[in-house]
Amino acid sequence: MKATNQIRIQSEPFDIAAIQEEMRTANPSIGAVVTFLGQMRDINEGDQVSSMTLEHYPGMTEKALQAIVDEADQRWELMGIRVVHLVGELQPLDPIVLVAVASSHRGEAFQACEFIIDYLKTRAPFWKKESTADGERWVDARHGDSDAEERWS
């Protein structure tokens, strides 16, 4: 079954509970909804981070996210996928990204959710600039993110 998918990139906060409830009640055959919420930390590489600005390339970013979601939909039998990603200035504890996956069984939902977030971290064109006591800096990709992506090959 082709999943009902939705991708949103936005600067306004999102309602995590409302998205989960929408997914949960979309189809009575859904047996599992797995979500991942990524949020901003106040520390990175040992330095205090007071804020972070997330930038993206409109159009290109949505296309990359759609390709990731389409691949997950092909690998597993899913009944719905939601990806919501914030851009703009963020503060510690602000949600950054929500990935929610619905399926008839938990195993497929867990695997697809993990796959989507692993690929999002390496394939989606987002750029992060942190503000620290020493000034602003761009955040480089983490080696662990590439390792996580490789295990799905």
Using a 10 Å cut-off on Cβ atoms, rank the peptides 79-89, 19-29, 133-143 from the highest mean neighbour count down.
79-89, 19-29, 133-143
Chymotrypsin sites (Phe, Trp or Tyr not before Pro) within region 1-99, DSSP loop, no more than 12 other Cβ atoms inside 10 Å
none
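For region 20-100, calculate the relative contact order in percent as a whole number, restricting contacts to Cα pairs under 8 Å that are 6 or more residues apart.
Numbers: 97 pairs, mean separation 36.7, N = 81.
This gives 45 percent for region 20-100.
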Within the chain: Cβ-based charge dipole about Cα centre, in debye rounded to nearest 20 (Lys, Arg +1; Asp, Glu -1)
440
Only Cα pairs under 8 Å and at least 6 apart count here; give the relative contact order of the chain as a rounded whole percent.
33
Inter-label distance, nm, simple model (7 Å from Cα along the C-beta direction), Glu22/Glu55:
2.9
What number comes out for the charge environment of Pro28, summing +1 per Lys or Arg and -1 per Asp or Glu over other residues with Cβ under 15 Å away?
-1
Note to self: C-alpha centroids of region 88-153 and region 1-66 sit apart, in Å, by 9
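Using 0.36 nm per residue of separation minus the Cα-Cα distance, give me the extension gain between Ile43 and Arg137 in nm, one decimal.
On the way: separation 94, 0.36 × 94 = 33.84 nm, distance 1.32 nm.
Full extension of this stretch gives 32.5 nm more.
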Dipole check, the chain, charges on Cβ (K,R +1; D,E -1), about Cα centroid: among Ala67, Pro92, Gln48 the Cα furthest to the positive pole belongs to Ala67
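Taken together, the values in this text are just the output of simple stated rules run on the coordinates, not laboratory data. Just so you know, these numbers come straight off a predicted model, no measurement behind them. FYI the Cβ positions are ideal-geometry reconstructions off the backbone, even for glycines, and counts take in every protein chain you see.
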